[in-house]
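The block underneath contains the structure these notes are about, expressed in structure tokens.
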Amino acid sequence: MESRVVTADLHSHLLEKKVKPLKYWQGVQKAGLDVIAITEHAEYNPKKAFELVNEKKPEGVLLIPGTELFTSLGHVIALGESSEIYEIPELLEKGVSIEKAVELARENRIVLSFAHPWGFDSDSVAYVGGVSKLRHYAVHGSMGVEAYNGMIGTLAESVLRSKWVKKPIGFFAYMEKNRLSRSAGIGKIMGSIKKKLDKKAYDIIQRNLNAMEFGEEANFITAGSDAHFPDRIGTGILKLKVSSERILSEASFLEALKDKSNVIWAGPPSVEVKEGVFQKKRLGVKKSELLGGFKYVMKRRIFRRKKPKSKG
């Protein structure tokens, strides 16, 4: 079957930061995306977010209706074939059990993927439920995993390009040319830089690496920017082979997504310098965004270290 490659960002937001729909689409077009999923947090009215962006959608881009659920195992990306995904109240409830989410997804042809699995202590499956639970659902079950999250990836690369490391290292140099990084490659690189990093900095990098490494064994993978601002859209992408003999639709895209062999790139934005070889694009990032990201990632650890005030 003849195939072509599409570039997708499967994790984006609109309402939380009050982004204007036209600005959202400007970000999509600037990033050169073929597919974008609007995955507003379930508690921020994801149906409204979808309707707002769908009303202004330009030609030539596929919009996937979705949402970011807050389940008993943390944040989960839910992608649907139609806007009917927003008509399932039980699915959108905060704290919905993962078992119920999986059941509803199966009944309604919805694709589920754990968002930033090692991202934030309070809402990521590896910390909320543990790796055994992650493996149960994303390897032995029907779910997938977000192998690359643009917010975490940008923080990790910024650490390695900052003064926290004595000698700058190309953060994605260890990635395979056309697939996710292998365990051996990660271990070798991390062993050489671990001693150079502040503990917090190493922790941020490891969160990104863990997700990439786990993608090797997951049923299928997703990737996205986790953009809350238009200029961050496309900072995490998936390049996916789809049939060139079929019209690209929500259903056909999600069908291709569930076959991991269709993935040829998951990571930061890249360009194919020659067949099968990709080179990462250099991204700019505002200091305010980095600061906000670092605070978000580290806040739970800081809170844990605070000692209770002594009485009297």
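The numbers here are math on the coordinates, done by the rules we state, and not lab data. All of these numbers come straight from a predicted model, not from anything done at the bench. Heads up, the Cβs are rebuilt from the backbone with ideal geometry, glycines too, and the neighbour counts pull from every protein chain shown.
As a proxy for reagent exposure, T222, T235 were ordered by neighbouring Cβ count within 10 angstrom, fewest first; the result is T235, T222. Considering the range 1-150, its Cα convex hull presents a mean projected area of 9.4 nm². State which entries of K57/K200; K30/K199; K56/K94; K133/K258; K18/K260 exceed 31 angstrom in Cα-Cα distance in the structure shown. Cα-Cα > 31 Å for K57/K200; K30/K199; K18/K260; rest within.
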